[in-house]
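I have placed the structure first, in the form of structure tokens, so that the comments after it can refer back to it.
The values are calculated or read from the model by the stated rules, or taken from the named source; none is laboratory data. Given the structure is predicted, the values throughout are model-derived calculations rather than measurements. For neighbour counting, all protein chains shown are included, and Cβ atoms are generated from backbone atoms with ideal geometry for every residue, glycine included.
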Amino acid sequence: MADTTISSSGTTRKIDDDASEILEQRHASERYFMNNYYSEWTEVYRNLKCRVEPITKKNDKGEDEEDTSRSNVALPDTATMVRRGTARLTRNSPNLRLRGANQDNADKAAVQLMYQWDRSESQKSFRKVVRCGKAFGWAVGKSYYDKVEVTRKFKRVTERLTRPELMLLRGAGAKDIRQANKDLGPRLSEAEISQAISEYGDRVTVPTAVTKYNGPMLDYVFIGDFFPEPGFHSIAESAYLIENSIRDEQWLEYWTKQTSEDPDTGEEAPVIDPKKAQELMDMAGERYYLDQKAISLRRMMREAVSIADPLSAGKPIRPPKKRFMVDERHSIVNGRLLIEYVGEENVYLGRQWYPWDTYGKPVYTEMILIPDVFEGIGDSTPRLGRFLQQLRNGRMNQTTDFINNKLLPLLKTLKNTNLAEYDVVRTGFARLLRLKNLNEVEFLQDPQFPVEAFQDQAQFVRELQQIEPAMTDFAPGTDTIPQAGKLATSLVMQKQAADVVLADELNNLGQFVRDTMEVWIAFNQQAMEDALEIPADQLRPGVFEEDRIEALSIRTAGAQARMIRIDPMDIQEEFEILPEEGSTLADDDTYRVQKAVQAFQMAATNPDVFNKRAFAPPLLSVLAPNVPEDQAINPPTPPAPPVKIGFNVTAKFEELAPDVQTAILQGVGLPTQGQEVLQGVKHVSKAIQDVGAAANAAAELEQPSHPTQPAGAGRGANGTPKPRSNGRAS
């Protein structure tokens, strides 16, 4: 038997069996979240808004009332955690690398995904997802394919109108325009142009449909409106996923006109039954279910920060449009993903199969920065530190009250003394209190402010910094502020610890980006029909190296402009997605600059070991990433020419050695053959002379050195020696 529910008009209606099942599944998830997470998330949201629960006391009537005599404020520690963490994680848009069998096609697919991310403005929703995940430990994003078209009115010269423009001007439909353009062509005849001029004049204003975007988009889903299976491990493993939202009549009209094809039978049927749509419109009103439900995270969060719901804050006399609640369930039926719609918690509107095959992946993607060991919902630093936040708020309020009380002295006075605040007269010298009897008033000594109170607060700060390193203050500190006397070494170690935690969050952030982009690739592969041309100047700086852009780009003749053309057939293959963590601020900017400067200085001071020019591009990339490298860095200095040494030697050419003479003749470009012959002749002549001289020397060796002579021989009469004979006959 079908269940019953009370409609907006107060009548009891039967619920369809399918609607009853979906409604019961949502209620089960609501109870699961209410018992485990809603109160905790509400407390974190209160701390995030720097609000506290009021301190109550009993009045004279025994009723609870707020105690306004005590300080009750919240410190912005939780807001600092979430804001700094979100800012560091979303500093830059995600950057992707794809790998595949054809790397050129993989690079084109990566360019297409990043171009679509920027054009669809998905970074706005991405920031909300990251902020929600950072605050509550669990966030959900939703991908869908959309075509955004707007109508603009442009002026045209009548004689230059095309057939589609003229038919648009006359109010023709899109189907008739396509058929006429196919049968008659886009150009008008002379008679048609003359008739248009006589009818509209020389100039006309033509309504023109402009496609602003066509492709995947990312949307943020509030976790209080999303209900997976109780105790789920992950979204992919959940038996069902239900999104609860408020829709309007435009949404209902659109899906009533859309059809869905049954993958088993091939039959097409409207996504939403027109009869069910009319039934829903008859019972719809200005319902605010999301704030009025008994179990609603929205309602609990509004009450926690004392914000009234829209209905009680301001109800219009006449509702601007009809709205109604829609439960949208995603589940797997016969191995395929199916979407079912239930309106006003009792009308089963219809269903549709996923228009594109996402290979078992739902269009919802979860972000968990700190995974849990067995639950699908992770942890968050604000949730882990909420009790420390309470202690820190309480200690700060106590300190404030103590200081305020110290500024107001404690007086001891008689019960019936009629003293008022105006009895204390402030003069230029002091504050005077005139009394008739000095015993009526007596000052009492307050206890001294304990130094441990400041140390206690410092301890709370250090504990919170252990949970969230992004809160760490790297100042050296003073005597009254914790971290006094900290050395530079400990600062660097704490900075590295913070970077390690950030790198871990970036890894989990990359998982979200990868899962989302896998769905987007499936959309592009199955829905893309026309080629996409992306001008190279619209690409993000540093997406690809210049040679990769050059390989993928198309040059126009005679111009420097380039564009990347992506054909639908270029992306029809399996890709592996690799999110680049460095694109989303893998290191803090200041720390990166310090490392780059330190490396460059090390190379500059040790040129014999390091190449200084190799460290210049990384330093430029962090200091001025938009400055071209070839313009900022001077080209390398060409090496100095070798030193030439010249000297002159004066010598007679004929006295030089033969090999030296030959080398000289070759050096000045003169022939050396004759010189070689001459040297040969001289060598032979010299050899003959040497042989003759050797023969003469041998003959002389045969003669006695001193021949025998008679006494007196060889001297004249006067005793003078006679001349010697040469031994030859005259």
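Quick look at the values:
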{"read-out": "Filter result for residue 68 (out of contact with any strand residue (DSSP E or B) (no Cβ under 8 Å at 6 or more places or on another chain) and at pLDDT 90 or above)", "value": "no"}
{"read-out": "Of residues in the stretch 532-574 being at pLDDT 90 or above and more than 25 Å from the chain's Cα centre (by Cα), the one surrounded by the fewest Cβ atoms within 10 Å (Cβ to Cβ)", "value": "569"}
{"read-out": "Of all residues in the stretch 290-309 being in a helix (DSSP H, G or I) and at pLDDT 80 or above, the one that is surrounded by the most Cβ atoms within 10 Å (Cβ to Cβ)", "value": "297"}
{"read-out": "Residue 155, sole failed condition from (1) over 27 Å from residue 532 (Cβ atoms); (2) surrounded by 15 or more Cβ atoms within 10 Å (Cβ to Cβ); (3) of a type in the set (Lys, Arg)", "value": "(2)"}
{"read-out": "Positions within the stretch 226-246 being under 22 Å from residue 146 (Cα atoms), at pLDDT 90 or above and not aromatic (Phe, Trp, Tyr), in sequence order", "value": "241, 242, 243, 244, 245"}
{"read-out": "Residue check for residue 465: within 29 Å of residue 397 (Cβ to Cβ), among the polar types (S, T, N, Q), assigned to a helix (DSSP H, G or I) and modelled with pLDDT of 75 or more", "value": "yes"}
{"read-out": "Residue check for residue 349: at pLDDT 90 or above, assigned to a helix (DSSP H, G or I), farther than 14 Å from residue 138 by Cβ and touching a Leu at 6+ places or on another chain (Cβ under 9 Å)", "value": "no"}
{"read-out": "Qualifying residue in the stretch 505-514 (condition: of a type in the set (Phe, Trp, Tyr) and either at pLDDT below 65 or under 22 Å from residue 103 (Cα atoms) (or both))", "value": "no"}
{"read-out": "Matching option when the condition is more than 19 Å from residue 527 (Cβ to Cβ) and assigned to a loop (DSSP other than H, G, I, E, B), among 135, 101", "value": "101"}
{"read-out": "Qualifying residues in the stretch 235-262 (those that are among the small types (Gly, Ala, Ser) and surrounded by 13 or more Cβ atoms within 10 Å (Cβ to Cβ)) - the one nearest to residue 339 (Cα to Cα)", "value": "260"}
{"read-out": "Filter result for residue 142 (outside any helix (DSSP H, G or I) and under 23 Å from residue 375 (Cβ atoms))", "value": "yes"}
{"read-out": "Criterion: in contact with a Ser or Thr (Cβ under 6 Å, 6 or more places away or on another chain) and touching a residue at least 40 places away in the same chain (Cβ under 8 Å) - qualifying residue of 212, 142, 134", "value": "134"}
{"read-out": "Of the criteria (1) over 60 Å from the mean Cα position of the chain (by Cα); (2) touching a residue at least 12 places away in the same chain (Cβ under 8 Å); (3) not in a loop (DSSP other than H, G, I, E, B), which one residue 425 fails", "value": "(2)"}
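One line per residue, one yes/no per condition, for (1) outside any loop (DSSP other than H, G, I, E, B); (2) within 30 Å of residue 366 (Cβ to Cβ):
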{"residue": "148", "(1), (2)": "yes, yes"}
{"residue": "154", "(1), (2)": "yes, no"}
{"residue": "171", "(1), (2)": "no, no"}
{"residue": "175", "(1), (2)": "yes, no"}
{"residue": "182", "(1), (2)": "yes, no"}
{"residue": "186", "(1), (2)": "no, no"}
{"residue": "194", "(1), (2)": "yes, no"}
{"residue": "198", "(1), (2)": "yes, no"}
